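> Have a look at this one.
Nothing in this text is a laboratory measurement; each read-out follows from the coordinates by a stated rule. Just so it is clear, the structure is predicted and the values come from calculations on it, not from any experiment. Note that each Cβ is placed from the backbone with ideal geometry, even for glycine, and that neighbours are counted across all protein chains shown.
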Amino acid sequence: MFYNFAKKVFLLIFKHFAHWKVYGIENIPEEGPAILAANHVSYWDPIVVGVASPRVVRFMAKNELFSILILRNIIKALNAFPVDRKKSDRAAIKSAIEVLKNGEVLGIFPEGTRIRDRRLGEFMNGVAMIALRSGAPIVPLALKNTRNIFSKGWFRSFEVHIGKPLSYPDLAQKKYGSQEIKKVTEDLRNAIEEML
């Protein structure tokens, strides 16, 4: 499987050349559905999250990446599926919930795009909606210095901080509205900001 092969290659690079550090790996549930939600500053971030997770991660990836034939084939082989960031993409949300219903791990970047400076960007509500609809816990991840993993011809150190899962079983069992979605989104953003 290409996913496993790629993961082994990058694990070797991150461990022996970049000397990465991963904290809180025990916070990723060993089984059952989970959403890994991380800040996004670099093209490296999906690879970093995928390698840091002991479980296979299915990512939502911007649909523009699927318009390039070679890239599309690679992304599909890495278990990603497209999302249109310019609108409320019901098909992508349906796919995400299906991933979670199957007891798998979903990877999402709530900012929706890379944020080039050191601050957190505005979080979209999609992660909260998916979590509340599926009942899956959200595991916050803070990625530090991934922008500079490879710079000036060499690999640089970086860190992955994995926080305790955010779970809302009471909200998932009843009807929820914009206030509940806003609360879950704020909780997630605060959790990542604290780790950064």
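> With charges only on Cβ, +1 for K and R and -1 for D and E, what is the dipole size of region 1-143 about its Cα centre, in debye, rounded to 20?
In debye, rounded to 20, region 1-143 gives about 340.
> Let me ask something else about it. If you project the alpha carbons of the chain onto the principal axes, what extent comes out on each, in Å, largest first?
52, 38, 32
> For labels at Phe10 and Asn125 in the simple 7 Å Cα→Cβ model, what's the distance in nm?
3.1 nm
> In whole percent, what relative contact order does region 42-196 give with Cα contacts below 8 Å and a gap of six or more residues? Don't skip to the answer; put the middle values down first.
Numbers: 192 pairs, mean separation 32.5, N = 155.
For region 42-196, the relative contact order is 21 percent.
> Pairs to check: Lys8/Lys182; Lys144/Lys175; Lys7/Lys164; Lys7/Lys144; Lys21/Lys94. Give those whose C-alpha atoms are more than 31 Å from each other in this structure.
The answer is Lys8/Lys182; Lys144/Lys175; Lys21/Lys94.
> Now a separate question. 5 Å is the cut-off here: which amide hydrogens, built 1.01 Å from N in the peptide plane, fall below it relative to Ala61, excluding neighbours closer than 5 in sequence?
Phe81, Val83
> Return the FRET efficiency for the residue pair Trp154, Lys76: r is the Cβ-Cβ distance, R0 is 35 Å, and the value is rounded to the nearest 0.05. Present the calculation step by step, with values, prior to reporting the outcome.
On the way: r = 31 Å, r/R0 = 0.89.
In this case the efficiency is close to 0.65.
> Gain in length, Asn27 to Tyr43, computed as 0.36 nm per residue apart minus the alpha-carbon separation, to one decimal in nm?
3.3 nm
> Count the DSSP beta bridges whose two residues both fall in the chain, then state the antiparallel fraction as a percent rounded to the nearest 5.
30 percent
> Once the other residues with Cβ under 13 Å from the Cβ of Glu98 are scored (Lys, Arg +1; Asp, Glu -1), what is the net sum?
Neighbourhood net charge equals +4.
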